[in-house]
1. Have a look at GLY83, GLY77 and point out the one that is over 21 Å from ASN265 (Cα atoms) and either under 17 Å from the mean Cα position of the chain (by Cα) or part of a loop (DSSP other than H, G, I, E, B) (or both).
2. Take the stretch 185-199 and flag every residue that is more than 18 Å from PRO238 (Cβ to Cβ) and buried (at least 21 other Cβ atoms within 10 Å of the Cβ).
3. Taking the conditions exactly as written (surrounded by 15 or more Cβ atoms within 10 Å (Cβ to Cβ) and polar (S, T, N, Q)), does GLN223 satisfy them or not?
4. Report the residue count in the stretch 118-130 for those that are buried (at least 24 other Cβ atoms within 10 Å of the Cβ), in a loop (DSSP other than H, G, I, E, B) and more than 13 Å from the chain's Cα centre (by Cα).
5. Can you find, within the stretch 60-92, the residue that is surrounded by the most Cβ atoms within 10 Å (Cβ to Cβ) among those that are in contact (Cβ under 8 Å) with a residue 60 or more places away in the chain and among the small types (Gly, Ala, Ser)?
6. In the stretch 235-264, how many residues are over 23 Å from GLY178 (Cα atoms), free of Cβ contacts under 8 Å to residues at least 24 places away in the same chain and not hydrophobic (A, V, I, L, M, F, W, C)?
7. If you check every pair at least six apart or on different chains, which have Cβ atoms under 8 Å apart with a residue in the stretch 219-232 that is in contact (Cβ under 8 Å) with a residue 60 or more places away in the chain first and a residue that is basic (Lys, Arg) second?
8. Kindly indicate the residue of the stretch 58-85 that is at pLDDT 90 or above, out of contact with any Gly (no Cβ under 7 Å at 6 or more places or on another chain) and hydroxyl-bearing (Ser, Thr, Tyr) and also farthest from ALA172 (Cα to Cα) among those meeting that condition.
Amino acid sequence: MSNKQDIPQEVYELYDAYCHGDISRRAFFSGLGKYAVGGMTVTSLAACVMPDYAKQQTQPGADGLYEEMLIYNSPNGAGEMEGYFVRPANAAGKLPGIVIIHENRGLNPHIRDVTRRAAQAGFVAFAPDALYPLGGYPGNDDDGRAMQAKRDREGMVQDFMAAAEFLRGHVAVNGKVGCVGFCFGGAVSNLMAVRQPWLSASVPYYGGWPTADEAAQVQVPLQIHLAGLDERVNAGWPDYKAALDANSVSYEAYIYPGVNHGFHNDTTSRYDSEAAKLAWERTLDYFRLHLV
């Protein structure tokens, strides 16, 4: 069962429930037992869907990039925060900035990879770690997920908003800033579009939705990416779409058929290369349109 097409959809749904805290690790592995057939063990089946960070596309120290960890102030959140800062090493002049917002497990290697990809595309990219006040990403997603659950959600939203303010004022940035986030980060990206009208663009990937009242406050151009099989997130899209339309908000929305929540993450078998490539190209083009 090493091929993606051999993995039952129910396994992806179990993993999705586990990732979002709806079931425990024990329940996840117990549930996999039903699908461990044909010589496939529960452990090997879990390995098919859990992240393998050796698959990341760009490595630390990639040619042409300048990278460092930066401390910034978040007075309404944790007080002091840290983020991964990456920019083209030999840029001529100031560049637009993008805040990269991680999932519900901290600044893991995949999000660092996405940050480097954004910098390779010509942006100043900054990825805060919501786990910094608790010691930072612990080196594995299971512990990272448990740590992030201990933080106040509103405090984390404030931390990412403060990161956008920090990036806007950075000497390397031209004053134009957008944000892109995935899952939990997608929900935060949606909220930042509500609360920070000065943002130049927001690109949420399969994240939770603001309220209809909050939709009336959106002035930031949105580009929304959804997975066709992601019933949990997609259930809220029609109401939010109606609210955006009612308030004449500028947005684009793309639903990618036949792919799972997390399809952009190339370190798990939920990854869909065709959909991820197209979504990322659209993301970069959207930022170029609104930030450059």
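The values are calculated or read from the model by the stated rules, or taken from the named source; none is laboratory data. Given the structure is predicted, the values throughout are model-derived calculations rather than measurements. Here the Cβ positions follow ideal geometry from the backbone for every residue, glycine too, while neighbour counts run over all protein chains shown.
1. Result of the check over GLY83, GLY77: GLY77.
2. So in the stretch 185-199, the residues more than 18 Å from PRO238 (Cβ to Cβ) come out as 185, 188-189, 191-199.
Correct list: GLY185, VAL188, SER189, LEU191, MET192, ALA193, LEU199.
3. yes
4. 1
5. In this case the residue turns out to be GLY83.
6. Number of matching residues: 1.
7. GLN223/ARG282
8. Checked the stretch 58-85; the qualifying residue farthest from ALA172 (Cα to Cα) is SER74.
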